[in-house]
Amino acid sequence: MDFRLNDEQVALQAAARKYARERLLPLAAETERSGTPPSAELIREYARMGFLGINVSAEYGGLGLGNLEALLVLEEFGKCSAALAFPVFESCVGPVRAIERFANEALRKKVVPGVCAGELIVAVSMSEPQAGSALTDLATRAEKRGDRWVLNGTKRWCSGGGHADGYVVYCRMSDDPGAKGIGAVYIEKGTPGLSYGRPESLMGFRGVPSSDLYFDGCELPLDHVIVPAGGFRKLMEAFDLERCGNATMGLAQASGALEDVIAYVQERKQFGKPLVDFQAVQLRLAEMQMKIEAARLLIWRAAVNAQNGLPDVLDSSVAKCFANEIAREVCGHAVQLMGGYGYSQEYPMERRLRDAWGWGIAGGAIDIQKVNIAAAMVGRRFDQRR
Ligand SMILES: Cc1cc2nc3c(=O)[nH]c(=O)nc-3n(C[C@H](O)[C@H](O)[C@H](O)COP(=O)(O)OP(=O)(O)OC[C@H]3O[C@@H](n4cnc5c(N)ncnc54)[C@H](O)[C@@H]3O)c2cc1C
């Protein structure tokens with residue numbers, strides 16, 4: 001077991017860090033203020049720089065590197081801005097990976113290279129007004145009529161809602177109850193019958209547009225089926241990778257916060273000496289460092305154990321849950337250590353705390369991850385309904 005990155009990984013991480021510091025950091029505050037997502041031009045630049053589809057196979061326009069490489073880049077981008085890192089998240093661990101893995105060849109070729117080239121944004125739409133943690137209660141339905149699928153229903157909290165070019169939509173595709181009847185389809189922006197709710201105003205995630213989606217008799221070609229009814233397990237397997245991305249976005253808020261705080265506490269003086277000279281501050285810094293390193297190692301373990309396939313549910317849930325919790329805690333300490341400046345919107349700390357909080361709800365709430373962890377530990381599922 002070797003915990004060191006190899007030379008190529010170190011070089012990729014350094015390149016991502018340099019690009020993020022020089023190119024993204026100057027855009028972060030304005031992205032937050034305006035809530036505007038990264039421009040199409042900037043996303044194409046990410047692609048040209050080799051920062052999209054890092055772990056997607058070269059056959060579909062990716063770089064063909066591993067999950068770990070993708071997460072190294074994601075952390076460096078995420079330290080500067082979660083919103084500006086979002087295209088990396090989407091292209092490396094997002095719903096497009098379910099298309100790459102499970103869809104038919106025509107749909108793969110239609111969508112995946114476009115995402116890797118920065119030409120297409122693809123979002124995922126699972127949650128509904130009455131189906132959040134209880135995802136298998138979802139009611140959006142696709143019905144086969146002749147040579148078409150017809151989609152009806154309402155989705156909620158879609159990151160990218162109203163902005164993305166296409167959506168991976170979890171829906172009922174048979175009359176089988178619960179998970180058995182669930183599959184997923186791909187729907188493109190502009191499909192007649194697809195409309196959006198008002199843009200959501202969230203506590204964080206500014207620059208990641210979010211809205212409801214409404215499907216009113218949307219017609220889809222047969223080859224827009226990603227997985228048919230009965231494919232819920234496959235969708236969840238692809239989601240194990242998304243969990244590692246979610247964990248990394250949380251980690252990035254924490255590790256970015258600590259980097260800034262280390263500089264701040266050495267510079268800021270009170271009682272005639274730098275803050276770092278107070279032992280209570282030293283202990284806090286050490287605690288922050290320990291938690292960040294532990295979270296990073298759990299994420300890397302999940303990524304590497306997957307051998308560039310899809311991670312194990314236990315590894316990815318442990319990593320996400322731990323990273324979600326420590327991200328909130330570490331960012332909270334960072335705000336406190338920066339005093340009034342930490343609380344001011346002139347500085348990125350309060351943004352990091354708000355963004356960190358969101359990752360512990362998105363992609364499955366922290367306590368739901370804990371239920372998954374316990375279930376994997378004892379080798380059975382816990383029915384939440386009985
Ligand atoms: C920033 C953000 C981005 C998101 N992006 C997307 C997206 O792109 N696509 C998408 O489909 N969805 C997205 N979501 C929705 C997200 O997946 C849901 O919010 C999440 O699954 C929780 O569902 P809920 O909000 O309905 O909360 P609920 O299911 O109502 O749960 C609320 C709380 O109740 C508790 N709880 C519920 N059930 C249990 C249980 N069985 N055991 C113990 N505790 C329980 C938990 O503490 C939980 O946090 C996003 C959410 C956020 C905040």
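What the table below lists for this structure:
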{"quantity": "Test set (1) touching a helix residue (DSSP H, G or I) at 6+ places or on another chain (Cβ under 9 Å); (2) of a type in the set (Ser, Thr, Tyr); (3) assigned to a loop (DSSP other than H, G, I, E, B) - residue 201 fails condition number", "calculated": "(1)"}
{"quantity": "Unmet requirement for residue 208, which otherwise passes all of (1) touching a residue at least 60 places away in the same chain (Cβ under 8 Å); (2) more than 26 Å from residue 88 (Cβ to Cβ)", "calculated": "(2)"}
{"quantity": "Helices (runs of 4 or more DSSP H) wholly inside the stretch 300-386 that include at least 3 residues being under 23 Å from residue 73 (Cβ atoms) and among the β-branched types (Val, Ile, Thr)", "calculated": "313-337"}
{"quantity": "Qualifying residue in the stretch 67-81 (condition: surrounded by 24 or more Cβ atoms within 10 Å (Cβ to Cβ) and either farther than 26 Å from residue 323 by Cα or within 11 Å of the ligand (Cβ to nearest atom) (or both))", "calculated": "no"}
{"quantity": "Condition check for residue 172: in contact with a strand residue (DSSP E or B) (Cβ under 8 Å, 6 or more places away or on another chain) and over 26 Å from residue 317 (Cβ atoms)", "calculated": "no"}
{"quantity": "The stretch 89-144 - residue that is near the ligand (Cβ under 9 Å from one of its atoms) and of a type in the set (Ser, Thr, Tyr) and, of those, farthest from residue 166 (Cα to Cα)", "calculated": "133"}
{"quantity": "Residue that is within 12 Å of the ligand (Cβ to nearest atom) and hydrophobic (A, V, I, L, M, F, W, C), where the choices are 323, 356, 302, 327", "calculated": "356"}
{"quantity": "Residue tally, condition assigned to a helix (DSSP H, G or I) and surrounded by 11 or more Cβ atoms within 10 Å (Cβ to Cβ), over the stretch 264-279", "calculated": "6"}
{"quantity": "Selection from the stretch 163-175 of residues that are touching a residue at least 40 places away in the same chain (Cβ under 8 Å) and away from the ligand (no atom under 12 Å from the Cβ)", "calculated": "165, 166, 172, 173, 174"}
{"quantity": "In the stretch 152-189, residue nearest to residue 122 (Cα to Cα) [restricted to those that are in a loop (DSSP other than H, G, I, E, B) and open to solvent by 70 Å² or more (accessible area, probe 1.4 Å)]", "calculated": "189"}
{"quantity": "Flag if residue 9 is in contact with a helix residue (DSSP H, G or I) (Cβ under 7 Å, 6 or more places away or on another chain) and open to solvent by 30 Å² or more (accessible area, probe 1.4 Å)", "calculated": "no"}
{"quantity": "Any pair with Cβ under 8 angstrom, 6 or more apart, that starts in the stretch 120-131 at a residue that is polar (S, T, N, Q) and open to solvent by less than 20 Å² (accessible area, probe 1.4 Å) and ends at one that is near the ligand (Cβ under 8 Å from one of its atoms) and assigned to a strand (DSSP E or B)", "calculated": "125/155; 125/158; 125/170"}
{"quantity": "Close pairs (6 angstrom Cβ cut-off, 6 or more residues apart or separate chains): in contact (Cβ under 8 Å) with a residue 40 or more places away in the chain and open to solvent by 40 Å² or more (accessible area, probe 1.4 Å) in the stretch 346-374, of a type in the set (S, T, N, Q) and part of a helix (DSSP H, G or I) anywhere", "calculated": "372/317"}
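The values are calculated or read from the model by the stated rules, or taken from the named source; none is laboratory data. Because the structure is a prediction, the values reported are computed rather than measured. Note that each Cβ is placed from the backbone with ideal geometry, even for glycine, and that neighbours are counted across all protein chains shown. Remember, those area values only see protein heavy atoms, side chains included, never the ligands or the DNA or RNA. Shrake-Rupley method; radii C 1.70, N 1.55, O 1.52, S 1.80 Å.
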